[in-house]
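In what follows, a single structure is set out as structure tokens and then discussed.
The values are calculated or read from the model by the stated rules, or taken from the named source; none is laboratory data. What you see is a predicted model, and the numbers here were worked out from it, not measured in a lab. Glycine gets a Cβ as well: all are built from the backbone with ideal geometry, and neighbour counts include every protein chain shown.
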């Protein structure tokens, strides 16, 4: 077992890689002995996690640059029940363009062997089979490159580095009209526009939802503006048709959440021409206030869905657990709701907490904005400047349970669709279902199930509902009458909770230590203020007597309530670094959110270390 206790001086042999099976290896089971002589990067991820998806994107340049010496192994350690399904994992590996071997760690055995405490966690194994670095969160690409360069120099000199091809074997290319469609929107002429996410493009379909009319985007991953056939996207998701008077001034009709590019793109529907309208293209790394900023200069983080509400375009900024706004006429953008803390807390917009908001829809009267808050398995709403929760209980509670909203459960919903009767349909993605919440009765019911990862819903003028059935690569019509009271069903499925091995901690005073070592060639950077930041809270709040709140030190004295036997410590840490002793030094931000399950036990440890970045001395 690798201990994350800040003592990185002892050489630790990497535990053997074992799991239920392998993907992207041509059917071969890999052993660490097969990888001896290579630098191995084990990426502990789960496909629901936006931070894990960010890391996949950060690793792509490293895989290309160091392809003859570096082997990335994705160790998929699931959070949700649906993610334990082998077919769902195979679909996710294709959906997100994972071009390296993936180990199916369905029972979290490797997660425990490598002492991971957060998604994502990275472990670097040297060519002799020893763990030389462990890091949590995102933002490590530059540091990894420096570490890899050091390992190459060291092991070439020792003769222990072996260059050559790695074990990745690509699967056969599929043939379907759509590939993992994400979101869809109805156009004025009755056609449908769909974000064809895995093919990095938009597809216009006839009203039947099946017949292709045209494709916008070349299908290659990129961020080029231009004509429909030449423009490029990177895993686009949300779509929003602008009000006509806004479109006339802005010069484009539709906005696309170009998710992995961290951009908003405008599309002129008459020609299909694409133009970048918001986002610098850099991923968000620092806080932004709610004031207006130049839309093309501000950094975004995985915009996932869009909706026109409160006379502005609202953005579900999944990557930092917030809502943002964009004004296409003034060409400005800013923060709308959320603090970047990943959790569930209602209240005024500037104080509320969200967790990966991924779907938006506006009520028929325009007063309420519905939100699919995916990581809390919740449906939230904005009304009168306050964020509330309609359905959902928190980051770790999920299931398929209908009935009163206060006890109903969802599983990682990605889409919502407001209906004219003020109820809302929910694309309950990991339950493979369409659910309905009726505010007038406070009840949740099941409209349809047996679907393949539904991710969005579209209501037609005729009252039909089309479901974006993402993992089936198609749009599906709900059966007639399914929205009626007679068509709905009440499901009493299992109530589930993400179970991870809790950490035993002592009642009373406990020291929380965030272990952070700057990457080789970097130093802590205080150019724009304190270089580190630590935010701590607890669920239930009563667990934490003292120590909650925000500070600049990476060590914090906590006082735990001995009368609360168990709970979750929610910790967010970040560290800013810059290149040391070089002209035009680049700056970097490392960040991670932890939800650490703990048990309060007499005589247990009075120190809780969490590794943000640790290096073997």
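Among the residues of segment 376-399, are any crowded, with 20+ Cβ neighbours inside 10 Å, assigned to a loop (DSSP other than H, G, I, E, B), on the phi < 0 side of the Ramachandran plot and under 17 Å from the mean Cα position of the chain (by Cα)? Among the residues of segment 376-399, at least one is crowded, with 20+ Cβ neighbours inside 10 Å, assigned to a loop (DSSP other than H, G, I, E, B), on the phi < 0 side of the Ramachandran plot and under 17 Å from the mean Cα position of the chain (by Cα), which makes the answer yes. Would you be able to say whether some residue in segment 91-102 is out of contact with any helix residue (DSSP H, G or I) (no Cβ under 9 Å at 6 or more places or on another chain) and outside any helix (DSSP H, G or I)? Yes, some residue in segment 91-102 is out of contact with any helix residue (DSSP H, G or I) (no Cβ under 9 Å at 6 or more places or on another chain) and outside any helix (DSSP H, G or I). Which one is modelled with the highest pLDDT among residues in segment 5-48 that are under 22 Å from residue 503 (Cβ atoms), out of contact with any helix residue (DSSP H, G or I) (no Cβ under 6 Å at 6 or more places or on another chain) and surrounded by fewer than 22 Cβ atoms within 10 Å (Cβ to Cβ)? So the residue we want is 12.
When 264, 239, 269 are screened for being under 25 Å from residue 205 (Cβ atoms), buried (at least 17 other Cβ atoms within 10 Å of the Cβ) and more than 29 Å from the chain's Cα centre (by Cα), only 269 passes. Reported count of residues in segment 278-309, each being surrounded by fewer than 24 Cβ atoms within 10 Å (Cβ to Cβ), in a strand (DSSP E or B) and over 18 Å from the mean Cα position of the chain (by Cα), is 5. Scanning segment 115-140 for residues that are crowded, with 21+ Cβ neighbours inside 10 Å and more than 22 Å from the chain's Cα centre (by Cα) returns 124, 125, 126, 127, 131, 132, 133.
Among the residues of segment 58-88, those identified as closer than 20 Å to residue 167 by Cα and surrounded by fewer than 20 Cβ atoms within 10 Å (Cβ to Cβ) are 60, 61, 62, 63, 64, 65, 67, 68.
Could you say whether any residue in segment 541-560 is at positive phi and under 26 Å from the mean Cα position of the chain (by Cα)? Looking through segment 541-560, at least one residue is at positive phi and under 26 Å from the mean Cα position of the chain (by Cα). Of the candidates 203, 274, 255, 213, the single residue that is assigned to a strand (DSSP E or B), at pLDDT 95 or above and within 13 Å of residue 300 (Cβ to Cβ) is 255. Criterion applied to 591, 613 was being farther than 23 Å from residue 395 by Cβ and under 22 Å from the mean Cα position of the chain (by Cα), and the one residue passing it is 613.
Condition check: touching a residue at least 12 places away in the same chain (Cβ under 8 Å), touching a helix residue (DSSP H, G or I) at 6+ places or on another chain (Cβ under 9 Å) and not in a strand (DSSP E or B). Does residue 530 satisfy that? No, not satisfied.
Just one of (1) modelled with pLDDT of 95 or more; (2) under 23 Å from residue 589 (Cβ atoms); (3) buried (at least 22 other Cβ atoms within 10 Å of the Cβ) fails for residue 51. It is (1). Total residues in segment 154-180 satisfying the condition of being within 35 Å of the chain's Cα centre (by Cα) and free of Cβ contacts under 8 Å to residues at least 24 places away in the same chain: the figure is 3. Screening residue 154 against (1) farther than 21 Å from residue 429 by Cβ; (2) part of a loop (DSSP other than H, G, I, E, B) leaves a single unmet condition, (2).
Please enumerate the residues belonging to segment 557-608 that are closer than 22 Å to residue 524 by Cβ, outside any strand (DSSP E or B) and in contact with a helix residue (DSSP H, G or I) (Cβ under 8 Å, 6 or more places away or on another chain). Result: 586, single match. Exactly one residue out of 471, 479, 519 is within 30 Å of residue 418 (Cβ to Cβ), assigned to a loop (DSSP other than H, G, I, E, B) and touching a residue at least 12 places away in the same chain (Cβ under 8 Å), and it is 479.
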